[in-house]
Every structure is written in structure tokens, then in C-alpha cells.
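The values are calculated or read from the model by the stated rules, or taken from the named source; none is laboratory data. On a predicted model such as this, the values are computed, not experimentally measured, just so you know. In this analysis, Cβ positions are derived from the backbone assuming ideal geometry, glycine residues included, and neighbour counts consider all displayed protein chains. SASA here: full protein model, heavy atoms, side chains in, ligands and nucleic acids out. Shrake-Rupley method; radii C 1.70, N 1.55, O 1.52, S 1.80 Å.
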There are 2 protein chains.
Amino acid sequence: MRCLQRQLAKRDPSCCAKRHVRGRPATLRVSSAFITSLGTRPASIAANMPTLDGFLQRIRECNTGMEELPTLTPFVVDGKEVGKLKPRFLEQVKRFPEVFIVEGQSGPSGKVTLTADLDTPEKRSEKVAAVLQQLREEGFITGWRNELYPVVPSFSAAPLLLVERAAATLLGIKAYGVHVNGFVRQPDGGLKLWVARRSMTKPLWPGKLDHIVAGGQPHGLSCAANVLKECEEEAGIPAPLAATARPVGAVSYTTISASGYKPDVLFCYDLELPPDFVPTPLDGEVSEFRLLPVEEVAAIVAGSTEFKSNCNLVIIDFLVRHGYLVPEQEGYLQLVAGLRSGDCS
Amino acid sequence: MRCLQRQLAKRDPSCCAKRHVRGRPATLRVSSAFITSLGTRPASIAANMPTLDGFLQRIRECNTGMEELPTLTPFVVDGKEVGKLKPRFLEQVKRFPEVFIVEGQSGPSGKVTLTADLDTPEKRSEKVAAVLQQLREEGFITGWRNELYPVVPSFSAAPLLLVERAAATLLGIKAYGVHVNGFVRQPDGGLKLWVARRSMTKPLWPGKLDHIVAGGQPHGLSCAANVLKECEEEAGIPAPLAATARPVGAVSYTTISASGYKPDVLFCYDLELPPDFVPTPLDGEVSEFRLLPVEEVAAIVAGSTEFKSNCNLVIIDFLVRHGYLVPEQEGYLQLVAGLRSGDCS
């Protein structure tokens, strides 16, 4: 009991440890050169950041507006829920009863469906597109992209219809993206991350910091093909190099804002770049690229909202996977769990 | 519309892609030597495994018995829920009304608490330890470990009491562990994983495959110190090398079995080992170590229950983080989300 009390009182790590270390002491059979070659343990962030409050705050900012959930009406196609509409957009689609049927009350107990004659993805896509086009002409839908998003109950499922990207949040459909952490290994084993500054002319998030490469996942492209395409368009990364990008997981979040319901999943990629590679913005969406030490990027994420909000999640996931954060930091598990707060399917 | 129809009909990736590739073609400014130095893209698993059903099955096996949840009674200490008891263990603690108070009915509407006089962690630990000791002597608690686990509402919280590890599942408290993926980089960029075979004399999971190093997280040790301790004890990995292990996240699962309620969180570590390092079992818990290509380990995980069940989750997480699995495989997102099915806090 004295041992137990001492542990509780002082949290003396040696107390338990000594009891458990059995057997002969291990001999050092490993050259220190090998250990050095692994690079410095990225402990600097952990040492300077006892809690992870800044990172947790970024996660909360991506998952806001949930108090509005009871006001959203499910969008159901072919018996599967594929989206949620805010009351304001529900009123709009009610104007098109030859395409949209609103059943029951506004809210979770009701639902929006498509008319029964729209029994193929092609028919649904065509009729819904006509409605969206009219709403665009009326000025209700802005930021038209000429890019089609699949409407799916989950990522692997066949699309039930395709819709213009600008309507994704209004319909509350699941949207997917690819985000690439472009990093450069330093001689001392540390890492630097390429960071983009979004052009001031971008309609969304102008001037914010971003990944070297990131993009929405349109219909008709695999994620891998999308990474290649975006690498070329956004940063001039040639295909042979872009093809070495590795998928390393996904993050998810749900935002309910004035625009609508946004349940997003971002596929994360790590792309190691050679020290002499310099990205070039080809499509005018980026005003500048900078190569920053990961520690500096981490400080920006934890201490500001300089990054486009969802990039923060992908960078935090990078920090977790590369050992920049440690379980001893308060909030570590909340952070790991929080990176997939949204419906990750 | 023809474009849209063609996409839906044929899922022709080139349709969208061509429309989006703008700007001049990128020139190859990167030496092929650099790309080769990054190693082969670990695509072999993805190519041979169109769905991830085998991995998803391993996740389901770690998350079983949830249909019994309505029969469990919350264990509440200092106003915080810290565990859940099955009816059989509830009957046992009822025999000690000087320590445990059972309020209300068996099940989620009732609760088990400690008597009001047990108002410090020390008092709680001492009185509960006496009860557990008696249940041990009566043969109700087996597999006594002489190892104390903290009873906490979440990992970062101060322990409300300490209990013998053998009682953790009976009390349904949150338990934590550290699991180390010990890997060796091959000249071609591929990876091999060190795999342990558990001794046939281990009380739990005898003869099963395991990580090179893994252990429960006792009170009084940081995770980092526990990794060092277990590395030495279980595999003879010297401290300077073990200290290069990097925390890379966590997995979680919940099992309800005959033993009780088991909401576990495993902190995952990657430890790169030099090619000439050979682990040595020092504590008799391992019968042999083998170094296997990651592809082979993946096939064992997907196709069998050879590994101790929770090791499968940590290995799947390794496969995800190192790019062995790809978003194009059906079930990828379910897998990423499923790795943290349990309460990850």
C-alpha cells in the first residue's frame, strides 16, 4: 500500500517501473550512426506545447452549427439518405414539384425526394440540373463551377445522380476531397512543408494558407488520378513525382453554415519532394508557395486561423502520424478522435 | 448532357479529366533517381485486394457483444462514469456494502458507486483492493498481475483510484496500451515488420502472433517510458534505439465478452530498426520473433485470426498510414473510421 500511496501522491514513475524491469540489462547492439540516421525525434512541438488546445480549437471550427441539425430535412434518393436541406433551400426546391417532392414537415421527420419517374441516375441528373440552372439564373446559386459531384450514400457506392458542385452544400450531400502534404526531408532529419497562399481572386477563402495541392473529388476520376491532375494544375508537379504521393488516411468534419450542410471527407496524401523542387502555380489559384519548417506550420495552425479551415485537420493528422505530437500532451486522444468527427464513409 | 451521360454510363475517368487539365504541361524537373529513392509505391496489396472485407472483419471481431450493453450497470466514482459492470460481477460487489453501493436496478438506469467515506484516491484504492483480493482468494478473479491500472474518465484525467489490472474488465474501466510496429526498411524501399509469437505459457492469447513490443499502460509511467520498458523487457531493444520510436496515433475498440466490458485505447508507435538488429525475448513472454514483409503480414491479418485480436487494428493502421491501402479499395473509409470504433478518450 505504501507503494500505491507513493504513486498516487507523487506520481513517481520509477515506483512501478523498477518493479517491472526484469531480466538482464539489454546490451547496446545498435550503432549510434543508425540512430542518428533516423533523424531527430520531433519533440520540439511537444516540449513547447503541454496542451493541444489550439489544435482542438481548429477542429471545433470545422465542426460548427450542429445546433441547427434539428431544422434540416433529409434528402432521400432511391430510399437512401444522401443529403440534408436547410429550410431556406427547402422552400426553393418546393417550387419544382415536377422534380422534388417534399413530404411531411420541414425537419428530420420529413423528407425531400425526387419524383418516381426519375428512376435512373441519368434522368435524375438531367432534371435536377435544370432546376439548379434556373436557381443559378435567379441568383440563388452562386459560384458555379461546371464540375459534377456524385450524390452517394457512401464513397464506394454508385452515384444516384450527379449535381453541379456549387449546389453540394445547398443539398447537403457528402463531398470528398484530396489534400496533399508536400514535404521535404532536411539533412538533420527534420521536415519542411510546402505551404500555398491562395490567390486573392479565389471566391472561397481568398488569401488563406493552403496545402501545396488540394482539390475536390469530382465524379469520374479516381482519387489517385485526381491527385495527379491537381498536382500538375496547382503546383506544376510532374506526374512521375506526383505518382509517388502516398494515401495515408482520411479526416472528416461536418459544418452547418449559412450556405447549408457540409459533411466532408478529405483523403490525405503525403508527397515527399526533393530539396531542389520548387512548385509553380499553373492555374492562377495560388499567389505564392513557401517552404516552412513543420514546427512553424504547427505554430500557425495552433495559434491562428491563417489556414483554410479544413487544411488544419490534414496538417494536424500529419503532425500526429509523424510523431510531432505525443500521448503525454493533454488532449492527444481527443485530437486523434476529433480528426474524424464527421461521418467518415 | 452527353458528357454527363457518358460519365454515368461508363464511368470514364478521362471525360472529366480532360476538361480540367489546363495550363501548359509540366516539365520533368525531378531526377528519376530521387523518385527511385522514395522506394516502390506499396501498391501490391491494393492491386490484389479490391475490397477490404478481411480487414473490416478483424475490426468487427474487436467490437463485439454490444447487444449486451443494455444489461451493464455504470460504475460511477466522484460523479464521473468510469466503468460498466456485467450482472454477474454486480452481484459480487453487492456483497461488500461497506465499499460498493448499488443504486437502482441492474442496467443503464442504475449505478454502482463507492461509499461516501471513500473520498480520496488513496482510500478508494485501499478499500477496493481489499474487496478484489478477497474475490481473488475465492477464485472469482483470476490472472492476477500485481500491476495497477488507473481508473479514469479519460486518459488525461487524474486517477480516481487504482485497481489491480486483472479486475479492469470486470469493472469495465478504460484501459490503455502501447503497441510498437518494429519495422525494417528494405533496399528496394519496401518494409518488413518484426512479428512475435506469444509463448504458449501466456495466460491470454497463447501462441498467437503479436507486435514486437506491446504492453498495457500501468499507472505511474508515461507512455514513452512504458515503450522503453517494454522494448527492453520483451525484445531486448536498447534504450537509445527504443527512444527513436515515434507515437503515430491511436486506435480504440470496445469488446463485451464473458469477462466483462473492455473499452480499450492503444497508442501506436512506429520504430524503425536497423537491418542487422535481432530482437531477443528477455522475459519469456515470446517464443520466437520473425521478420516478415509487410505484404505477408497484411495477408495474415486479412485472411486469418492468427494475430492477437487487437494487434490487427494497429497493423491495419500501419498499412493505412504507410500507403499500403488506397481510397479506391471498397471499404477504405469504413476501415479508417472503424479503427477508432471505441471511445477514444
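Observations on the model:
- Antiparallel bridges, percent of DSSP beta bridges restricted to the stretch B:69-171 (to nearest 5): 95
- Nearest-0.05 FRET efficiency for B:Thr142 and A:Thr64, computed from C-beta distance (R0 51 Å): 0.55
- Choice from B:Asn63, B:Asn48, B:Asn226 showing the highest fluctuation, given a GNM over chain B with Cα pairs closer than 10 Å: B:Asn48
- What the Cα convex hull of the stretch B:69-171 gives, in volume per residue, is 97 Å³.
- Relative contact order of the stretch A:67-171: 25 percent, from C-alpha pairs under 8 Å at least 6 residues apart in sequence.
- Magnitude of the charge dipole, the stretch A:67-171, Cβ model with Lys/Arg +1 and Asp/Glu -1, debye to 20: 140
- Cα gyration tensor shape of the stretch A:115-209, rounded if a/c is under 1.5, else prolate or oblate by comparing a/b with b/c: oblate
- Entry note, the protein assembly as shown: the mean residue ellipticity at 222 nm calculated from DSSP H runs of n ≥ 4, each adding -39500 (n - 2.57), is -9000 deg cm²/dmol after division by the residues and rounding to the nearest 500.
- The stretch between A:Ala116 and A:Thr71, if pulled fully straight at 0.36 nm per residue, gains 13.7 nm over its current Cα-Cα span.
- Accessible carbon and sulfur surface of chain A relative to its total accessible area, %, 1.4 Å: 54
- Shape call, the protein assembly as shown: gyration tensor on alpha carbons, a/c limit 1.5: oblate
- Considering only A:Gly143, A:Val112, A:Leu162, the residue lying farthest towards the positive end of the dipole of the stretch A:67-171 is A:Gly143, judged by Cα position with unit charges set on Cβ.
- Pairs from the table (A:Lys123/A:Lys262; A:Lys80/A:Lys262; A:Lys174/A:Lys208; B:Lys94/B:Lys127; B:Lys86/B:Lys127) lying more than 19 angstrom apart at Cα are A:Lys123/A:Lys262; A:Lys174/A:Lys208; B:Lys86/B:Lys127.
- On Cα atoms only, tilt of B:309-321 relative to the major axis of chain B in degrees: 30
- P(r) tail, the stretch A:216-271: Cα-Cα pairs separated by more than 14 Å, 60% of all pairs.
- Here the protein assembly as shown carries DSSP beta bridges of which approximately 75% are antiparallel, counting only pairs with both residues inside.
- Relative contact order [Cα under 8 Å, 6+ residues apart], chain A, whole percent: 21
- The rotation axis taking chain A to chain B passes closest to the C-beta of one chain A residue; that residue and the distance in whole Å read A:Arg321, 3.
- With Cα atoms, 0 to 90° folded angle of helix B:294-303 axis to chain B main axis: 60
- Dipole moment magnitude, nearest 20 debye, the protein assembly as shown about Cα centre, only Lys, Arg, Asp, Glu C-beta charged: 160
- Between the helical axis of B:53-62 and the longest alpha-carbon principal axis of chain B there is an angle of about 10 degrees.
- Cβ neighbours within 10 Å from other chains - mean over B:330-342: 5
- Within the listed set A:Pro150, A:Pro203, A:Pro247, the residue fluctuating most in the Gaussian network model of chain A (springs between alpha-carbon atoms under 10 angstrom) is A:Pro203.
- Relative to the other identical copies, B:Ala299 shows label-point distances of 4.9 nm, where the label point lies 7 Å from Cα along the Cβ direction and values run shortest first.
- Copies compared at A:Trp144 - label distances in nm, ascending, label defined 7 Å from Cα in the Cβ direction: 7.8
- Averaging the sequence gap over all C-alpha pairs within less than 8 Å and six or more residues apart, then dividing by the number of residues, gives the stretch B:69-117 a relative contact order of 41 percent.
- Counts of other chain beta carbons within 10 angstrom of each beta carbon in peptide B:115-124 average 1.
- Förster-model FRET efficiency, 41 Å R0, A:Ser304 and A:Ala157, C-beta, rounded to 0.05: 0.60
- Of B:Ile212, B:Ile101, B:Ile256, the residue with the greatest mean-square motion in the GNM of chain B, using alpha carbon springs below 10 Å, is B:Ile101.
- Ascending list, in nanometres, of distances separating the A:Thr201 label from those of the other copies (7 Å, Cα toward Cβ): 7.5
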